[in-house]
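The values are calculated or read from the model by the stated rules, or taken from the named source; none is laboratory data. In this text, all values refer to a predicted model and were calculated from it rather than measured experimentally. Don't worry about glycine lacking a Cβ; one is built from the backbone with ideal geometry, like all the others, and counts go over all protein chains shown.
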Amino acid sequence: MLALLCALGAFALANLSDFELENGNSSTLTFHAGGADLSGTLVMPKNAPDAPIALLIHGDGPRDRFSDSGYLPLINALLNAGIGVFTWDKAGVGESRGDWLAQSMEDRADEAVAAISRVRQTVGPGNKIGLLGFSQGGWVIPRVANEVRPAFSVIVGGAVNWRRQGVYLTRQRMQAQGVLPASIDTAISEELKSNDAVFARPGQPAIPATRPDIEPRRFNFIARNYSEDSAEALKTMRGPVLAIWGSLDRNVDPIEDANDYKRAFAGHTGRRVVQIPDATHALLRGRWFDYQLESEWPKWKIALFMCLGRHAYEPGALKLIATWIKAQ
């Protein structure tokens, strides 16, 4: 038993290094977009100045460049595979100015294009630069890839239609709470009717006072993006694309949205759509991290994630991403 405990302790200590950036050369880059100065970190593998570089496109929420250290195991896995990473604080978070809640998905795409330009200015012409985005990044990356041609695009847990994604998220939450199917259908129908009346009024401004249950800045963010649908942009995006969903995704429908991607990609080369069994929205191991939101994790699950590091991801998920990027 003592030997087992020692082995487990050594395993946990070894994985804690996934939350440090000792395997790469880091530098701070600033760039300007949307009238604000933004700050991020470029991390390159040691002794690999010509490595491909993935720009991390955040999902929803006030995320800093490393997503409260949650991105570090992913970044270290990419570094070990010979892939650099550039990631930045969202507008109004960390050292970046502006306000992410005042952004549309088009604003976020413009920001990513500016980030690509800044990285290219820093590293020169020799590195391939692409995109790796999560969740809400699925509305950003197709826009970027229609404006510039990234060397690669990886979309993890991307939704196609904002309104439909909200329905799926609500249904999953109510199912987890044990609500009866008929009651779920009724609640969703009423919620859609209310949301459409408030947010889907062409030519008329959405009024925060109509939904006092939503913080006004968040309300305006929803109103600005409620009509988002990436179906058309997916058809015309340039460069190779890898789209991935975890089969246990509680935020985005991994079947319906994957089928939408397949239809959009029909007839195009360099497109791959993958569903990873037993993985979550963020591609973590579903047996341990099957939650809709990170804020729902009990403290012991946070500790488990820290002990596991990159091994918190469903086996094969990070290797799939890294191998695919290197192959482009």
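Looking only at the range 235-249, decide whether some residue is over 17 Å from W139 (Cβ atoms), assigned by TED's automatic domain parsing to the domain that holds D107, touching a Ser or Thr at 6+ places or on another chain (Cβ under 8 Å) and without any contact (Cβ under 8 Å) to a residue 60 or more places away in the chain. Yes, because at least one residue in the range 235-249 is over 17 Å from W139 (Cβ atoms), assigned by TED's automatic domain parsing to the domain that holds D107, touching a Ser or Thr at 6+ places or on another chain (Cβ under 8 Å) and without any contact (Cβ under 8 Å) to a residue 60 or more places away in the chain.
If only residues of the range 310-322 that are under 18 Å from the mean Cα position of the chain (by Cα) and part of a helix (DSSP H, G or I) are counted, the one that is surrounded by the fewest Cβ atoms within 10 Å (Cβ to Cβ) is K319.
How many residues are β-branched (V, I, T) and either crowded, with 22+ Cβ neighbours inside 10 Å or at positive phi (or both) when one looks only at the range 236-269? Walk me through how you get there before you give the answer.
Of all residues in the range 236-269, those β-branched (V, I, T) come to 236, 241, 244, 252, 255, 269.
Subset that is either crowded, with 22+ Cβ neighbours inside 10 Å or at positive phi (or both): 241, 244, 252.
Of the residues in that region, 3 qualify.
One residue stands out in the range 111-158 among those that are free of Cβ contacts under 8 Å to residues at least 12 places away in the same chain and not in a helix (DSSP H, G or I): the one that is surrounded by the most Cβ atoms within 10 Å (Cβ to Cβ), namely G124.
Out of A209, A187, report the one residue that is at pLDDT 95 or above, small (G, A, S), loosely packed, with under 15 Cβ neighbours inside 10 Å and more than 27 Å from the chain's Cα centre (by Cα). Write out each step before concluding.
Details: A209 fails: at pLDDT 95 or above.
Of the residues listed, the single one that is at pLDDT 95 or above, small (G, A, S), loosely packed, with under 15 Cβ neighbours inside 10 Å and more than 27 Å from the chain's Cα centre (by Cα) is A187.
From the residues in the range 92-110 that are surrounded by fewer than 19 Cβ atoms within 10 Å (Cβ to Cβ) and among the small types (G, A, S), which one is farthest from I222 (Cα to Cα)? Ranking the candidates gives G94 first.
Please verify whether L56 is touching a Leu at 6+ places or on another chain (Cβ under 6 Å), on the phi < 0 side of the Ramachandran plot, surrounded by fewer than 21 Cβ atoms within 10 Å (Cβ to Cβ) and at pLDDT 95 or above, treating the condition exactly as stated.
Working: touching a Leu at 6+ places or on another chain (Cβ under 6 Å): yes; on the phi < 0 side of the Ramachandran plot: yes; surrounded by fewer than 21 Cβ atoms within 10 Å (Cβ to Cβ): no; at pLDDT 95 or above: yes.
No.
Considered as a group, the residues in the range 284-304 that are touching a residue at least 24 places away in the same chain (Cβ under 8 Å) and part of a helix (DSSP H, G or I) include one that is surrounded by the most Cβ atoms within 10 Å (Cβ to Cβ), and that residue is G286.
Whenever a residue of the range 40-54 is more than 13 Å from I75 (Cβ to Cβ) and charged (D, E, K, R), its partners that are modelled with pLDDT of 95 or more and not in a strand (DSSP E or B), lying with C-beta atoms within less than 7 angstrom and at least six residues away or across chains, give the pairs D50/N127. Taking the range 161-184 as the range and being hydrophobic (A, V, I, L, M, F, W, C), surrounded by 14 or more Cβ atoms within 10 Å (Cβ to Cβ) and within 26 Å of the chain's Cα centre (by Cα) as the test, the residues that pass are W162, V167, L169, M174.
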